[in-house]
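To keep things clear, I will list the structure first and then write my remarks on it.
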Amino acid sequence: MKKTLLSIFLLMAVVAFAQKQTATYSINPSTFEDITPITITINGTSINESTWGVTGNALYLWSWSYDVNDTTQLDSPSNGSWTASNEASKFTYNSATDTYTKTFTPSVYFYRNGIGKIGFLVKAKDGTGTKQSQDILVEVGSFQVSLTSPVENSASIIASGSNFNITATNTNGAASYSLKANGTVINTNTSTASYSYSHIGVTNNQSYELTVTQAGTTIVKKFSVIVNPNTVSQAMPAGLIDGINYNSADATKATLVLDAPFKDFVYVAGSFNNWQPSSAYAMKKDPVSGKFWLELNGLVSGVNNTYQYWVVKTNPIANSPSLVKTADPYSTLVLSPYDDPFILAASYPNMPVYPAGQNFEVTVLKTGQTPYNWQVTNFIKPEKEKLVIYEVLVRDFDAGKNYQSLIDKIEYFKSLKINAIELMPVMEFEGNESWGYNTSFHMALDKFYGTSDKLKELIDVCHQNGIAVILDVALNHAFGRNPMVRMWMNDPDGDGFGAPTTENPYFNTVAKHTYSVGEDFNHQSARTQYYVERVIKQWIQEYKIDGFRWDLTKGFTQACTASDEACTNAYHQDRVDVLKKYADYSWSLDPTHYTIFEHLGTETEEKQWADYKITETPSKGIMMWGKMTKEYNQLSMGYATETNISKMSSVNRGFAANRLIGYAESHDEERLMYKNVQYGASGGTYNVKNLNTALSRMSAIGAISLLIPGPKMIWHFGELGWESSIFTCNDNSVNTDSDAAPGDCKLDTKPQPQWVNNWIGNSNRNKIYNDWAKMITLKKTEPVFLGTSTIPNSNSLTVNIKITNAGLASTQLKDVLILANFDVTAQNVVTGFPYAGTWYNLMDNTTINVTDINAPINLLPGEYRIYGNKTANLAIEDFEKESTVNLYPNPVLDYFTLNTAVAKVQVYSISGQLVKSFASNGNVDFQFGVSELQTGLYIIKASDESGKTQVMKFIKK
């Protein structure tokens, strides 16, 4: 229960599955009906409040209830949220006895009758990390049954042919007992207050149900037996890999392979054996590799099957379970009982159904799958030096929160002229509305955003439009649902989750760096390296992903401790070597693959990667995230300290090649515009805190960032001046780490005012979008921006950047001077033109005659200039033209109108299909009805009587 709640409410919060405290409790009365008032008492000595950061003895009850059949589970409406418990669930502290009490009537507290069981735990108000006790389950009703042997819901491991003993007692006198094994009644006993039975000579796995009835009330106790099949040692067929191996010649067969060192035997349970595996589904063991394997037969082509591994160690180490039921670590599609019920059918139609009666994730296996029909099979990636990457969180880009939303807005990306999209993680993560860094299955696509084919369609559409797709991957760590964590875990409370044990062949028991999230991979382990390479191969070959942005690469060392930040930030050869190995593997599959590290560490170490194999053909080299958010934000706000932007250039970091992806904004840092309007400087009537004033400074930010040679990145909607804090909560309040009571809403789902309020139609925001589009086009089309830059190594609000490409002829655009004034008053900005003569403003082709190359130029606050020795060949249609026809409203609900009379209007889908035509016959008041059109982006062509046309776009709501 607890882990489900953590996944839903914490999304990606740092969850350490360490041992939880065991709360000592009592309930008065000890037996009760759901209409009986009860008092739960917690012994204060069993809770260490200080480790939870609790002050004022503020502990809270988190509770849930089950119906009498133990099938429907509901949380108490009084719980509040996991990170902010409701005050109605607070315990009363009694200092004299050092106890906590909570009194309530179950039927009232849970808003339901017919309660068969309640569950609860004790927690701090925010409940994060390990600030909660273990789960406690209590039966409701005066008639109670105690399963004395075995433990309820347990799985007992026995030798084949052993006898299995079952004993139970009940309250209130005689009751009737009926025992089922695998659905068949094998024993009954009537009119007794206790029960005892021995199942003789058990040779197959058994799922037991003991049904106990008294005076019309029935209680069912469940437990199971797993029989040791005495694993068969047999050589595994050649060519098999871990996970599912489909048989290309026979769709009725598939072979499963599991690497599970230290385990004694493994069963495969699934839909193909009704989740009751016999010895025929016991996996064999390869005597050389030690891997378990099993060939499945009788599968039906095109049918979804689901399965889990039942992984067993007969004598586990302390606190580690004997049996772990887990999905396949190499799953490419998993079903989750925690997340799937909340996934919208609009995003994932016809989603496979999670199998009833099972627990934890299951793997989907489907033979005879139809491959996606790629329209682009030979995509040529943009050059690294010309990349302008658009970082996007699918969840927050559009209210649809899916891949289709991005497909529908491909024209938005095209018009901005970016040539790469970087998706924040889309692998199977815990919860749904997450950033995705809490990954649990790295090879599986998370279903919340859409189907596998829909992601492939998005990639295909991007490729059709010259846009590369880069995937953010979190391979520093995995979270607690990951099978490779769970197969070797400490699980003292038996809830199926826990931290890695010392036996775990993939994970460290404690992080080897200071930026720990989830469980820390040991990248010196050969098994971890194999797993990582399989992940790389899956996304490159199956999805045609053009590049990876590797999250938190500082964590790829084994040399440090969780408390030694100086060590984490120092140079480490093991980290250099293993990351080069991963890059090499990526390039072996795709020589032009983009490899990007979020290292943010020592330039000495980053240089090792940036210069790696850059002289090869094609030129390689690993790209580095270049964080410059503070410096650019200081400029945008108008403060002169810490404004040195010289390290936006690779050469100023010591890299031989332009391998620095510089950025002024990213998902991890506060929005420039938010800080502009909150904290901006002022001078006289000029105040950066004014929204439109702040927006007017963002074009200049683009000029002094995007045009610096080397790849660059935009964080989504920076191009429209999004001023909402990244700490905006679901209720639109703002709660940052620095607040008095920080809740850190950084991970909360954000609104999309840019679409609802038609920001693209707002002249102040649209100017940023169009100016940045011009600059990006300059960067991509003009060779001067492949040259070198000179950026003063100093703090100043007046910026002077010189860019030159010595390899170009003087007849070409080979020299560029960028000037900007980020002060709040007009300033004479130092120039230093390379030579006298006519210079051209590359944004509008106006000229300036330079006679004194050092004569300053007066710029208003927020003003900038981009001068070149020649005009640019801007490949942006109509940038210099004013639109004569305007469409409104946009987005469109039922109809739109035009501001001028036209003869004919044609509406096209993004794919170019004509979907509607109008003959307005010059009527300026004509309403163009489009209510029947589906939601999406459309193109219209408006023609006047003389045949002149203008093309526009609109979004249909």
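The values are calculated or read from the model by the stated rules, or taken from the named source; none is laboratory data. In this text the structure is predicted, and so the values were computed from the model without any measurement. Glycine gets a Cβ as well: all are built from the backbone with ideal geometry, and neighbour counts include every protein chain shown.
Taking (1) surrounded by 19 or more Cβ atoms within 10 Å (Cβ to Cβ); (2) more than 30 Å from Glu533 (Cβ to Cβ); (3) within 39 Å of the chain's Cα centre (by Cα) in turn, Ser207 satisfies each apart from (1).
State whether one or more residues within the range 223-239 are of a type outside the set (Gly, Ala, Ser), within 19 Å of Tyr330 (Cα to Cα) and in a loop (DSSP other than H, G, I, E, B). Looking for residues that are of a type outside the set (Gly, Ala, Ser), within 19 Å of Tyr330 (Cα to Cα) and in a loop (DSSP other than H, G, I, E, B), one finds at least one in the range 223-239, hence yes.
Selection of the range 349-408 for residues being under 30 Å from Arg659 (Cα atoms) and of a type in the set (Ser, Thr, Tyr) yields Thr377, Tyr390, Tyr403.
Name the single residue that is farthest from the chain's Cα centre (by Cα) among those in the range 542-560 being of a type in the set (Asp, Glu) and not in a helix (DSSP H, G or I). The qualifying residue farthest from the chain's Cα centre (by Cα) is Asp546.
May I ask you to say which residue of Thr643, Thr602 is among the β-branched types (Val, Ile, Thr) and either under 23 Å from the mean Cα position of the chain (by Cα) or surrounded by fewer than 18 Cβ atoms within 10 Å (Cβ to Cβ) (or both)?
Thr602
Of all the residues in the range 510-541, those that are of a type in the set (D, E, K, R) and either modelled with pLDDT under 95 or part of a helix (DSSP H, G or I) (or both) number 4. The listed residues are Ser725, Ser650, Ser636, and the only one of them that is within 30 Å of the chain's Cα centre (by Cα) and free of Cβ contacts under 8 Å to residues at least 60 places away in the same chain turns out to be Ser725. Before we move on, is Thr851 surrounded by fewer than 20 Cβ atoms within 10 Å (Cβ to Cβ) and more than 50 Å from the chain's Cα centre (by Cα)? Judged against the criteria, Thr851 is a match.
Of all residues being hydroxyl-bearing (Ser, Thr, Tyr) and more than 20 Å from the chain's Cα centre (by Cα) in the range 316-362, which is surrounded by the fewest Cβ atoms within 10 Å (Cβ to Cβ)? Just the residue, please.
Initial filter on the range 316-362 (hydroxyl-bearing (Ser, Thr, Tyr)): 320, 322, 326, 330-332, 336, 338, 347-348, 354.
From the residues that got through so far, the ones that are more than 20 Å from the chain's Cα centre (by Cα) too are 320, 322, 326, 354.
Numbers: Ser320: 21, Ser322: 16, Thr326: 26, Tyr354: 18.
So the residue we want is Ser322.
Residues that are surrounded by 14 or more Cβ atoms within 10 Å (Cβ to Cβ) and over 26 Å from Asn315 (Cβ atoms) within the range 210-235 comprise Leu210, Thr211, Val212, Thr213, Gln214, Thr217, Thr218, Ile219, Val220, Lys221, listed in sequence order. Among the numbered conditions (1) among the hydrophobic types (A, V, I, L, M, F, W, C); (2) over 20 Å from Asn204 (Cα atoms); (3) touching a residue at least 40 places away in the same chain (Cβ under 8 Å), the only one that Ala238 does not meet is (3). Among the residues of the range 32-45, those identified as in contact (Cβ under 8 Å) with a residue 60 or more places away in the chain and surrounded by 16 or more Cβ atoms within 10 Å (Cβ to Cβ) are Phe32, Glu33, Asp34, Ile38, Ile40, Thr41, Ile42.
Residue-level analysis places Thr643 among those that are under 27 Å from Asn687 (Cα atoms), assigned by TED's automatic domain parsing to the domain that holds Leu695 and polar (S, T, N, Q).
In the range 362-468, counting only helices (runs of 4 or more DSSP H) that sit wholly within it, the ones holding 1 or more residues that are under 28 Å from Pro329 (Cα atoms) span 394-397, 403-408, 452-464.
Looking across the range 792-807, the residues that are part of a loop (DSSP other than H, G, I, E, B) and touching a strand residue (DSSP E or B) at 6+ places or on another chain (Cβ under 9 Å) come down to Pro792, Leu797, Asn805, Ala806.
Taking the range 381-406 as the range and being free of Cβ contacts under 8 Å to residues at least 60 places away in the same chain and either of a type in the set (A, V, I, L, M) or touching a strand residue (DSSP E or B) at 6+ places or on another chain (Cβ under 6 Å) (or both) as the test, the residues that pass are Val394, Leu406. The residues of the range 104-125 that are in a strand (DSSP E or B) and under 18 Å from Thr24 (Cβ atoms), listed by number, are Ile118, Gly119, Phe120, Leu121, Val122, Lys123. In the range 434-459, the residues that are free of Cβ contacts under 8 Å to residues at least 24 places away in the same chain form Cβ pairs under 6 Å with partners that are in a strand (DSSP E or B), at six or more places apart or across chains, as follows: Asp446/Glu428; Asp446/Phe429. In this structure, Ile940 does not satisfy being modelled with pLDDT of 85 or more, touching a helix residue (DSSP H, G or I) at 6+ places or on another chain (Cβ under 8 Å) and buried (at least 18 other Cβ atoms within 10 Å of the Cβ).
Filter the range 126-154 down to the residues that are part of a loop (DSSP other than H, G, I, E, B), hydrophobic (A, V, I, L, M, F, W, C) and more than 26 Å from Ile226 (Cβ to Cβ), then identify the one that is farthest from the chain's Cα centre (by Cα). Step by step, filter the range 126-154, then rank; the result is Phe143.
Total residues in the range 499-521 satisfying the condition of being closer than 13 Å to Cys560 by Cβ and either in contact with a strand residue (DSSP E or B) (Cβ under 7 Å, 6 or more places away or on another chain) or assigned by TED's automatic domain parsing to the domain that holds Asn319 (or both): the figure is 4. Looking across the range 476-503, the residues that are under 25 Å from Thr568 (Cα atoms) and in a strand (DSSP E or B) come down to His477, Ala478, Pro500.
It is to be established whether one or more residues within the range 175-189 are over 25 Å from Gly161 (Cα atoms), free of Cβ contacts under 8 Å to residues at least 24 places away in the same chain, over 49 Å from the mean Cα position of the chain (by Cα) and surrounded by fewer than 17 Cβ atoms within 10 Å (Cβ to Cβ). Within the range 175-189, none of the residues are over 25 Å from Gly161 (Cα atoms), free of Cβ contacts under 8 Å to residues at least 24 places away in the same chain, over 49 Å from the mean Cα position of the chain (by Cα) and surrounded by fewer than 17 Cβ atoms within 10 Å (Cβ to Cβ).
Yes/no per residue for (1) within 23 Å of Met424 (Cα to Cα); (2) in the same structural domain as Trp435 (by TED's automatic domain parsing):
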site	(1), (2)
Val324	no, no
Tyr330	yes, no
Asn378	no, no
Tyr390	yes, yes
Phe397	yes, yes
Gly400	yes, yes
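Quick check on the range 200-207. Is at least one of its residues assigned to a strand (DSSP E or B), at pLDDT 95 or above, of a type in the set (A, V, I, L, M, F, W, C) and more than 27 Å from Ser331 (Cα to Cα)? So far as the range 200-207 goes, yes, one or more of its residues are assigned to a strand (DSSP E or B), at pLDDT 95 or above, of a type in the set (A, V, I, L, M, F, W, C) and more than 27 Å from Ser331 (Cα to Cα). Taking the conditions (1) in contact with a helix residue (DSSP H, G or I) (Cβ under 8 Å, 6 or more places away or on another chain); (2) free of Cβ contacts under 8 Å to residues at least 12 places away in the same chain in turn, Thr685 satisfies each one other than (1). Within the range 902-944, the residues that satisfy the criterion of being in a loop (DSSP other than H, G, I, E, B) and among the small types (Gly, Ala, Ser) are Ala903, Ser911, Gly912, Ala919, Ser920, Gly922, Ser931.
Of all residues in the range 898-918, those being at pLDDT below 85 and more than 16 Å from Lys948 (Cβ to Cβ) number 7.
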